[in-house]
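Below is one structure, written out as structure tokens; comments come after it.
Just so you know, all these numbers are worked out from the coordinates, no wet-lab data involved. Note that this is a predicted model, so its numbers are computed, not measured. So basically every Cβ, Gly included, is an ideal-geometry build from the backbone, and we count neighbours across all protein chains shown.
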Amino acid sequence: SAERYQRKVRGVVQVIDSMAMPVVGLYGVESEQVVRDIVSISNGDYAYLYERPQTSANGLDFALLYKADVLYPMRVTAWRGVLCVEAEVYGKPLTVVLTHRSIALGVLYEQLVRRNAHKNLIVLGEPSNRGFAVLGLRDEMQQAVSAGRGNLFEDGRWQMRDRVATNMRGVSQCDVFIGDWLLGGSGAPQPTFRRKLYYGGNGRRLPIFIYFAEVFEN
């Protein structure tokens, strides 16, 4: 319903505004109108990139929100399971990849190497540690995992279903973002739906983030 939709949008915006990140990746986006609605009420003054590949019609698309005075997109590549944005940040090259497909990531990485666009790389959402190692990336979520944290509570334990990997220096923190309003009475993330029952939460997974202590080197 319209009321439930607005509640969902407001919940997502509350997270985005609370985190105050200059670049935000979204997954599970159903349409560009959803992104517009999020950006329109956010305090962050974001521009955005959204592309629906022709092979994707399942409402599980990616979008990238960004501060236009921080990030300048140069090239966008999109197909099912991947959104890749080659950009400049403070005049230095940066490539951000949102993905949930290991195979697609490998193919994309080969293309980035040919264009020499792989040196400053951040990959969000790809869960394969083995894939990270093959690509020469560090799984920055590993410290949080070793401490027993996760962004999904399932089968009686916390699991880290989403990851952040990079080959860049200067990472100061990479962890799970937790707000009280994201959790249900059991302490687990409150879902929007569980099967056909409506719970009105933000979702089953908590957001993840990465901070850099200084502007990265080429």
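Quick look at the values:
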item	result
Most to least packed among 72-85, 136-149 [average Cβ atoms within 10 Å]	72-85, 136-149
Set of lysines with alpha-carbon distance to residue 92 below 25 Å, sequence-local pairs under 8 removed	67, 119
The chain: angle of helix 102-114 to the longest principal axis, Cα-based, in degrees nearest 10	30 degrees
Mean residue ellipticity (222 nm) of the chain, computed from DSSP H runs ≥ 4 via -39,500 (n - 2.57), nearest 500	-7000 deg cm²/dmol
FRET efficiency for residue 214 and residue 5, using Cβ-Cβ distance with R0 set to 41 Å, rounded to 0.05	0.55
Spherically averaged projected area of the chain from its Cα convex hull (nm²)	12.4 nm²
Cleavage-rule hits, trypsin sites (Lys or Arg not before Pro), the stretch 155-218, DSSP coil, Cβ neighbours within 10 Å at most 16	161, 169, 195, 196
Percentage relative contact order, the chain, counting C-alpha pairs under 8 Å, at least six apart	14 percent
Percentage, to the nearest whole number, of Cα pairs in the stretch 105-185 over 15 Å apart	61 percent
Using alpha-carbon coordinates, inclination of helix 32-41 to the longest axis of the chain, degrees	80 degrees
